[in-house]
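FYI, it's all coordinate maths here, none of it is from the lab. Worth saying up front: this structure is predicted, and the values here are computed from it rather than measured. Note that each Cβ is placed from the backbone with ideal geometry, even for glycine, and that neighbours are counted across all protein chains shown.
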Amino acid sequence: MLKFFSEEINFKQPHPLKTSKWIKSISQSEGYKIGSLNYIFCSDDYLLEINRQYLQHDYYTDIITFDNSEDEGILEGDIYVSVDRVKENAQNLGIAFDLELRRVLIHGLLHLIGFGDSTEDLKVEMRAKEDACLLQY
């Protein structure tokens with residue numbers, strides 16, 4: 001089950017049905033099923049507090065992914081997305097908000113699948129995978 005929520009802001013996923021189908025399709029193409037996956041849209045300040053509390057990081061970020069998976073091959077988790085960061089990133093990159101939002105949504109899914117971004121090499125691999133997924137939207 002894939003759900004979209006918002007916390008402390010009024011935000012609706014622009015294309016929930018199409019986006020859900022796309023996320024599920026990417027998951028299946030990687031050999032995974034979605035168990036319980038929640039995307040929670042929030043503000044910069046809300047996500048900063050989560051970053052401080054759970055990861056001991058004191059900076060803004062566009063996404064934080066919590067993996068709650070217990071069974072192999074089934075993805076479960078909570079993915080928090082700062083709508084403020086996504087808007088600013090889209091503006092700075094000169095791209096549409098919807099495109100940057102899709103990149104961030106799939107980025108969280110890829111983390112659950114096992115892709116990392118802690119080194120430059122992993123960041124390059126993650127970006128290439130994001131780009132490939134975005135072409136399938």
Where does the chain land at 222 nm, in deg cm²/dmol rounded to the nearest 500, when only DSSP H runs of n ≥ 4 count, each adding -39500 (n - 2.57), divided by all residues? -16000 deg cm²/dmol
Selection of GluC sites (Glu not before Pro), region 11-97, meeting DSSP coil and at most 12 other Cβ within 10 Å: Glu70, Glu72
Place +1 on the Cβ of every Lys and Arg and -1 on the Cβ of every Asp and Glu in region 2-134, take the dipole about the Cα centre, and give the residue among Gln28, Ile63, Leu109 whose Cα lies farthest towards its positive end. Gln28
Where in region 103-123 does the amide nitrogen come within less than 19 Å of the point 7 Å from the Cα of Tyr54, taken along Cα to Cβ? 104-118
Post the alpha-carbon centroid distance, region 3-29 to region 50-94, in whole angstrom. 14 Å
Most exposed to least, judged by fewest other Cβ atoms within 10 Å, Phe97, Phe66, Phe41 sort to Phe97, Phe66, Phe41
Two pseudo-spin positions, 7 Å from Cα along C-beta at Met1 and at Ser118, lie apart in nanometres by 3.3 nm
Labelled set [x] 21, 17, 17; [y] 18, 17, 16; [z] 22, 18, 13; semi-axes √(5λ) of the Cα gyration tensor in Å computed from this model equals the value at [x]
For Phe5, what residues show an amide H to amide H distance below 5 Å, using hydrogens built from the backbone and excluding near sequence neighbours? Tyr39, Ile40, Phe41
